[in-house]
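Asker: Would you mind keeping the following structure in view while I ask a few things?
The values are calculated or read from the model by the stated rules, or taken from the named source; none is laboratory data. As the structure is a prediction and not an experimental result, all values here were calculated from the model. Positions of Cβ are backbone-derived with ideal geometry, glycine not excepted, and every protein chain shown enters the neighbour counts.
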């Protein structure tokens, strides 16, 4: 079998009647775009994906913790240095909190550089008696409610590629050029520390880390270990033409990789066992995520794991659970228990956002921070009771001071949503809420399975 024959053709994938795909009006134009994408360089490299798979094996083994976050749906307009920097700052700030609390490495993954498409519950949207195609993210069509904007345009897939490339290039420059140094992270949070209760907690933590750094310097240990971090990109592998065009054969091994991002996941709406998305991704060597909602059964999870990872490879499968605050304690235990009993060691990550969305009285889609925290606590409670490792958190967030989710330390209420509601899809945590969430998770890690060593012991092994 030749290496390229390992990957099913687009024709074969479409024969499986894939869900959540755009209805393009010009097959010829689509084919031309796909042909162009196939000639462009990969966005990520196979060796980087291999490195992340090794890190995810550590998460599955209870030796690391995954922090995954970013926009619900990226937009082309938001691919700016300021926007990328803001999200990165927020994630790195959260990672510092989690690193010190958990005393294990934090695997940092952004919902960035590829999260331009979104599945929708309806293919159409109706306003004032006019029905148009639903907005499926900038990868597919425009947000404006006009016939022209809502027409799926394959040229946008090229814009996805170039926007993702720009995001990755800037992110790589930031995380390797001193931007991510621990001391810089402290200075970013000066205003946050002054103005919020969680900020006071952060300052206490920052002071402890400063003392740790001073101790290392006094011992002749170079604090450059805190200057550079590993950071990975992720997105839902939704649009088959884009993902297939960026599936490449690694010259080292002859194996296929999805080079559109390091970590690719299959969504709740497209995880059919013999569907097109599972069929494509079971052939690539990337570490893979699978979203599991409240209707999931243990058998569903096991069947998906068997199909995507028949060799039980460490780091291959991450189950991202999104049950909702009211169902996580009811649904999750049986799934975790039976997967573990099967002999599989997968990474378990909590998405406390998608199961807790509701419409406010003023018509805005929102999430309550209390519900987000409730699902996280339920996730940790289930794993604590089963003696399994709660391996990570997956959140939709921004570095901006938006008002999209109610609650949190700033006590946002529904009337505040109108102030700075900027998302085009789902509501995101703002910077303050994201830091508060990090402290919640840090507290569970500190008081749960992992105990923080005393400060002197913590100085040397701490790895950002």
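Asker: For a quick check of your reading of the model, give me the residue pairs whose first member lies in the stretch 15-36 and is on the phi > 0 side of the Ramachandran plot and surrounded by fewer than 17 Cβ atoms within 10 Å (Cβ to Cβ), whose second is at pLDDT 95 or above and part of a helix (DSSP H, G or I), with beta-carbon atoms closer than 8 Å and at least 6 apart or on different chains.
Answerer: From the stretch 15-36, the pairs are 17/276.
Asker: Please state which of the following conditions residue 49 fails to meet, knowing it meets all the rest: (1) in a loop (DSSP other than H, G, I, E, B); (2) more than 18 Å from residue 156 (Cβ to Cβ).
Answerer: (1)
Asker: What are the residues in the stretch 327-358 that are crowded, with 22+ Cβ neighbours inside 10 Å and assigned to a strand (DSSP E or B), if any?
Answerer: Across the stretch 327-358, the qualifying residues are 347, 348, 349, 350.
Asker: Checking the condition in contact (Cβ under 8 Å) with a residue 12 or more places away in the chain, over 22 Å from residue 62 (Cβ atoms) and in contact with a helix residue (DSSP H, G or I) (Cβ under 8 Å, 6 or more places away or on another chain), which residue from 332, 264, 302, 288 passes?
Answerer: 264
Asker: Pick from the stretch 91-133 the residues that are in a helix (DSSP H, G or I) and within 25 Å of residue 268 (Cβ to Cβ): which of them is nearest to the chain's Cα centre (by Cα)?
Answerer: Residue satisfying both the conditions and the ranking: 91.
Asker: So residue 133 fits all but one of (1) surrounded by 15 or more Cβ atoms within 10 Å (Cβ to Cβ); (2) out of contact with any helix residue (DSSP H, G or I) (no Cβ under 9 Å at 6 or more places or on another chain); (3) under 19 Å from residue 119 (Cα atoms); what number is the exception?
Answerer: Against the list (1) surrounded by 15 or more Cβ atoms within 10 Å (Cβ to Cβ); (2) out of contact with any helix residue (DSSP H, G or I) (no Cβ under 9 Å at 6 or more places or on another chain); (3) under 19 Å from residue 119 (Cα atoms), residue 133 comes up short only on (2).
Asker: Let me ask something else. Considering each residue of the stretch 247-261, count those that are in a loop (DSSP other than H, G, I, E, B) and either touching a residue at least 12 places away in the same chain (Cβ under 8 Å) or buried (at least 24 other Cβ atoms within 10 Å of the Cβ) (or both), and give that number.
Answerer: Residues meeting the conditions: 8.
Asker: Is it true that some residue in the stretch 61-75 is modelled with pLDDT of 95 or more and in a helix (DSSP H, G or I)?
Answerer: No, the conditions are met nowhere in the stretch 61-75.
A quick yes/no check of all residues on (1) touching a residue at least 12 places away in the same chain (Cβ under 8 Å); (2) touching a helix residue (DSSP H, G or I) at 6+ places or on another chain (Cβ under 6 Å):
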{"position": "395", "(1), (2)": "yes, no"}
{"position": "399", "(1), (2)": "yes, yes"}
{"position": "403", "(1), (2)": "yes, yes"}
{"position": "413", "(1), (2)": "no, no"}
{"position": "418", "(1), (2)": "yes, no"}
{"position": "422", "(1), (2)": "yes, no"}
{"position": "428", "(1), (2)": "yes, no"}
{"position": "432", "(1), (2)": "yes, no"}
{"position": "435", "(1), (2)": "yes, yes"}
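Asker: For the stretch 267-285, how many residues are part of a loop (DSSP other than H, G, I, E, B) and either under 22 Å from residue 162 (Cα atoms) or free of Cβ contacts under 8 Å to residues at least 40 places away in the same chain (or both)?
Answerer: Adding up the residues that qualify gives 3.
Asker: What helices (runs of 4 or more DSSP H) lie completely within the stretch 359-464 and have 1 or more residues being out of contact with any strand residue (DSSP E or B) (no Cβ under 9 Å at 6 or more places or on another chain) and at pLDDT 95 or above?
Answerer: 369-386
A quick yes/no check of all residues on (1) modelled with pLDDT of 95 or more; (2) closer than 14 Å to residue 321 by Cα; (3) in contact with a strand residue (DSSP E or B) (Cβ under 6 Å, 6 or more places away or on another chain):
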{"position": "261", "(1), (2), (3)": "yes, no, yes"}
{"position": "290", "(1), (2), (3)": "yes, yes, yes"}
{"position": "297", "(1), (2), (3)": "yes, yes, no"}
{"position": "310", "(1), (2), (3)": "yes, no, no"}
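Asker: While we're here: Please go through the stretch 230-246 and give me each residue that is surrounded by fewer than 24 Cβ atoms within 10 Å (Cβ to Cβ) and assigned to a strand (DSSP E or B), ordered by number.
Answerer: Within the stretch 230-246, none qualify.
Asker: State which residue is modelled with the highest pLDDT when the search covers only the stretch 167-184 and only residues that are loosely packed, with under 15 Cβ neighbours inside 10 Å and within 19 Å of the chain's Cα centre (by Cα).
Answerer: Checked the stretch 167-184; the qualifying residue modelled with the highest pLDDT is 169.
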